[in-house]
Amino acid sequence: MSDSSIMQRTSPHLLLICIALGPLSARAQAPPDLGISQDTGGDIILSWSTADSEWVRWYPETSLDLKDPWEPITATQDRSENRFCLELELEDTLRHFRLARSPIFFVDDSQPTAGAGTLADPYQTIALGLNAAKQSFIADGRRPVVYVFAGDYSETLSIDASGAPGYELTLMDSSTPIEVNGMTVGGFGQTARLETSNGSSPLSVTGLHGFALLGFEVRSLNAHCIDINSVEETFFLSNDLEPTNGNGFLFTNSNVQMDFPSVGVFDGDGEDGIEIINNDGNSREALIQNGNFGFGLSSGNLNGTLEHGIKLTAASGQLDAEIVTCFIVSQRETIITTDGGQSQALLLDLVAKSPLTTTTPGVPTQSITGSALHSTIIRKWQPFNQVTGSILQADEPGGLRFDRVTFDAEGNPSNGITQVVFGGTLDIGSVPPSTVTRVVGPGLAFPNCTGDLRIDALNIANRGAPAVDNSGSSLTLDIGSSTIDTVGN
């Protein structure tokens with residue numbers, strides 16, 4: 001194995017470190033504030049201090065055990081040189097990290113016996129793999145990985161941290177490649193499906209310090225597909241969910257990070273693609289990006305519809321949420337939010353264009369609702385969402401509605417300085433020369449809103465009301481160019 005080599009690139013907020021896993025070399029070059037050592041087990045330990053902000057994510061084949069506090073890590077692996085590249089933005093306190101190979105437990109439902117959890121002799125059930133992972137974490141504290149080969153797993157998995165404080169877990173399926181002793185396993189499109197039909201969630205997780213799910217299909221009947229409660233850090237990547245009479249994801253009092261989620265309904269009706277509830281008085285963050293809610297799942301068996309795409313409830317504490325490029329089709333509001341009335345209860349960023357379609361006539365395509373002054377604050381809305389509208393009058397949905405919402409790019413209007421929220425082009429319906437599709441009622445409604453919003457270009461095709469309704473609002477609304485096509489009833 002080669003010597004460790006360390007390269008670094010710095011900017012005001014970014015540090016890139018590439019580490020080849022092997023004995024430390026005296027030739028290794030480290031940033032002045034980065035301390036590097038190696039313990040007797042061969043793990044690499046990093047520590048540093050910096051005054052920058054923090055953004056850390058993880059790569060599942062390794063664990064970075066942050067002594068105080070834990071954060072998820074994203075790293076990329078240069079397989080040709082067998083080294084891991086970690087992009088880290090850091091906070092203003094000393095951080096200690098341990099880079100270690102994660103223990104991996106394998107599962108294959110085609111096994112004729114219970115198995116031993118190795119690549120050569122996998123466990124027969126995911127439950128056996130989860131139990132082994134938990135015991136492994138108790139023994140050495142490293143974040144375990146349970147790697148599940150393609151198959152249909154009719155198991156009800158309930159994961160909690162009892163007996164293992166700080167328990168962290170990665171559950172990944174064989175559509176995700178992983179290296180074991182220099183050999184690449186999986187990554188050829190195979191998918192594990194987790195399914196229940198007994199009214200229980202196939203996967204529920206409670207009280208873990210960190211949990212990650214990668215590459216699974218999950219199907220449920222009369223239950224939520226995935227139910228997450230009181231988990232400090234979560235990461236979900238490329239999961240396809242098919243709920244019937246339940247949510248795809250339900251998060252309660254948990255930090256959320258997900259990329260490429262897909263949620264559709266296998267049969268009948270679903271509830272929400274993602275529902276996030278924050279109600280215990282603590283502050284949390286949520287990032288949902290590259291989502292597909294309503295149809296387009298890999299199974300192709302979609303005969304029902306979701307009620308909402310994304311539902312956020314900031315009942316107490318603060319929920320800092322960001323929605324990035326999500327394609328949503330739902331019966332009612334594609335994105336719907338409420339809050340508990342305290343100042344800055346919901347801080348919301350809407351980033352990159354999200355096509356939104358509501359199939360119920362007259363229902364707002366999007367509804368962002370505060371309940372008191374500055375309780376819900378929009379910091380970003382750029383580029384804007386795009387509302388599909390309808391060619392047929394009988395099917396026309398409503399437009400975008402913001403009720404008692406503050407627009408302030410800084411997110412802190414109590415300082416007396418309102419920062420303008422800048423946007424690009426906003427399309428609600430489609431105007432000539434395109435085929436006209438309309439919404440019914442105002443395309444944009446801002447009852448009881450405050451703050452400062454700039455729209456560079458506004459295109460609205462609507463019916464039966466002014467295209468923009470800013471009456472009864474103290475919002476400063478600045479619109480650049482516009483094309484408005486409004487017809488009567």
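What follows is calculated from the coordinates using simple rules that are stated; it is not laboratory data. Because the structure is predicted, anything quoted here is derived from the model rather than measured. A quick note on method: Cβ atoms are made from the backbone with ideal geometry, for glycine too, and the neighbour counts reach across all protein chains shown.
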TODO: State, to one decimal in nm, how far the label point of residue 230 lies from the label point of residue 435, with both points 7 Å from Cα in the Cβ direction.
DONE: 5.3
Open item on the list: Please state the shape class of region 401-446: rounded when a/c is under 1.5, otherwise prolate if a/b exceeds b/c and oblate if not, all from the C-alpha gyration tensor.
Closed with: oblate
- [ ] Pull up all non-local amide H partners of residue 263: gap of 5 or more, or a different chain, and H-to-H distance under 5 Å with H placed in the peptide plane.
- [x] 241, 292, 293, 294
Task: For residue 167, distant residues with modelled amide H under 5 Å away - done: 209
Task: Segments 343-352, 414-423 sorted - mean Cβ within 10 Å per residue, highest first - done: 343-352, 414-423
- [ ] Please label the shape of region 143-290 as rounded, prolate or oblate, based on the square roots a ≥ b ≥ c of the eigenvalues of the alpha-carbon gyration tensor (a/c under 1.5 means rounded; beyond that, a/b larger than b/c means prolate, else oblate).
- [x] oblate
Open item on the list: List the residues, sorted by chain then number, that are 5 or more residues from residue 485 or on another chain and whose placed amide H is less than 5 Å from its amide H.
Closed with: 460, 461, 462
TODO: Using a Förster distance of 41 angstrom, determine the FRET efficiency expected from the C-beta separation of residue 457 and residue 394, and round it to 0.05.
DONE: 0.90
Open item on the list: I need the calculated FRET efficiency for the pair residue 285 and residue 415, taking r as the beta carbon distance and R₀ as 22 Å, to the nearest 0.05.
Closed with: 0.55
Task: Under Karplus coefficients 6.51, -1.76 and 1.60, residue-wise ³J(HN,Hα) of region 207-215 in Hz, glycine/proline x - done: x, 6, 6, x, 9, 9, 10, 10, x
Task: C-alpha center-to-center spacing [region 312-332, region 375-399] in angstrom - done: 14
